[in-house]
Every structure is written in C-alpha cells, then in structure tokens.
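The values are calculated or read from the model by the stated rules, or taken from the named source; none is laboratory data. In this text the structure is predicted, and so the values were computed from the model without any measurement. A quick note on method: Cβ atoms are made from the backbone with ideal geometry, for glycine too, and the neighbour counts reach across all protein chains shown.
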Amino acid sequence: MQVKDIMKREVISVSEEDSLVDVLMVLLENNISGVPVLNERQEVIGILTEQDLMTKRKVLNIPSYLEFIQSILSIDGELQQAKKDAIQKLSAKDIMSSPVYTVGENHSIEEVVCMMVNRRINHIPVVDKKRSLVGIIGRGDLLPLLINQLRR
C-alpha cells in the first residue's frame with residue numbers, strides 16, 4: 001500500500017508570514033494539532049504543531065498559560081502590553097519546525113511508519129516533485145490499517 005491510498009488530500013496550511021495569532025486560530029477553528037507551512041511559491045518549508053508551541057515557548061519568550069493569566073492580573077500594564085506586542089510580532093516561520101520531513105505519494109506505508117516512529121513525528125506532509133503540498137498523512141490515518149490487520 002502507498003501513501004496516496006490513505007493520505008488526506010484536503011490539507012489546511014499556513015503561510016510562513018502568517019502571524020502566530022492567525023496560526024493559533026487556524027488550529028483552534030479546525031480542531032487540528034499541526035499545519036504545514038508554505039512559502040510564497042507554495043512549497044512546504046516547515047510544519048508548525050502544538051508541540052512546537054510548547055517546546056519553543058521559552059526560547060521565544062512566550063509566556064506559559066499561567067504566566068499569561070498572572071500578567072493579566074498584574075498591576076504592571078506596560079509589562080503586559082510589551083509581552084502581548086512581542087507575541088503579536090511572531091510569525092509561523094519563527095516557530096515552525098524546519099526542515100520538515102516529507103514523503104511522496106508513491107512512498108510505502110511501511111516507510112511512513114518507520115519515519116514516524118524513528119523521528120517521533122505525528123504528521124508528514126505529502127509533496128510532489130516541486131515540493132508543493134498534495135496531502136498529509138498522520139498517525140490517525142494509519143489506525144484503520146492496524147485494525148484491518150488485527151481483524152484478519
């Protein structure tokens with residue numbers, strides 16, 4: 001079986017220039033945990049996931065949820081505004097994981113499983129020869145295959 005047999009063809013993506021706030025809205029509104037990031041030529045250049053937001057938070061000086069709530073409740077409005085301004089200046093390219101691991105439509109499912117396990121990743125963008133996004137495959141897409149194997 002190949003990637004093209006089970007990949008999702010309708011993929012939500014973001015631009016590398018999209019603001020962090022816009023990316024968060026895309027994740028929330030679509031109830032997804034990650035999105036491929038595209039450049040101006042529509043090539044996949046990265047992926048931005050909830051994991052990126054959690055692990056890169058300190059490096060980029062993004063407050064944790066608790067720190068954010070505390071800053072709202074604090075008396076120092078200037079400090080709160082400075083943090084808010086800094087966060088609003090961040091874009092997808094500031095937080096995305098890059099380079100991103102990708103596969104082609106003709107890769108085998110076995111290759112994808114090995115990549116996911118060995119690299120500890122949950123989603124892999126599917127690209128054509130020009131690195132344009134044509135689909136995405138996630139761990140959840142593999143579950144029906146596992147169920148079918150177990151039922152045999």
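Points to keep in mind about this one:
- Some residue of segment 11-26 being at pLDDT 85 or above, in contact with a strand residue (DSSP E or B) (Cβ under 9 Å, 6 or more places away or on another chain) and within 27 Å of Leu146 (Cα to Cα): yes
- When segment 44-65 is filtered for residues that are at pLDDT below 90, among the aliphatic types (A, V, I, L, M) and in contact with a helix residue (DSSP H, G or I) (Cβ under 8 Å, 6 or more places away or on another chain), the ones remaining, listed by number, are Leu53, Leu60, Ile62.
- Boolean, Glu29 is modelled with pLDDT of 85 or more and in a helix (DSSP H, G or I): yes
- Note on segment 8-24: residues that are in a helix (DSSP H, G or I) and either out of contact with any helix residue (DSSP H, G or I) (no Cβ under 7 Å at 6 or more places or on another chain) or crowded, with 18+ Cβ neighbours inside 10 Å (or both) amount to 4.
- Residue check, Arg41 in contact with a strand residue (DSSP E or B) (Cβ under 7 Å, 6 or more places away or on another chain), closer than 18 Å to Lys129 by Cα, loosely packed, with under 12 Cβ neighbours inside 10 Å and modelled with pLDDT of 85 or more: no
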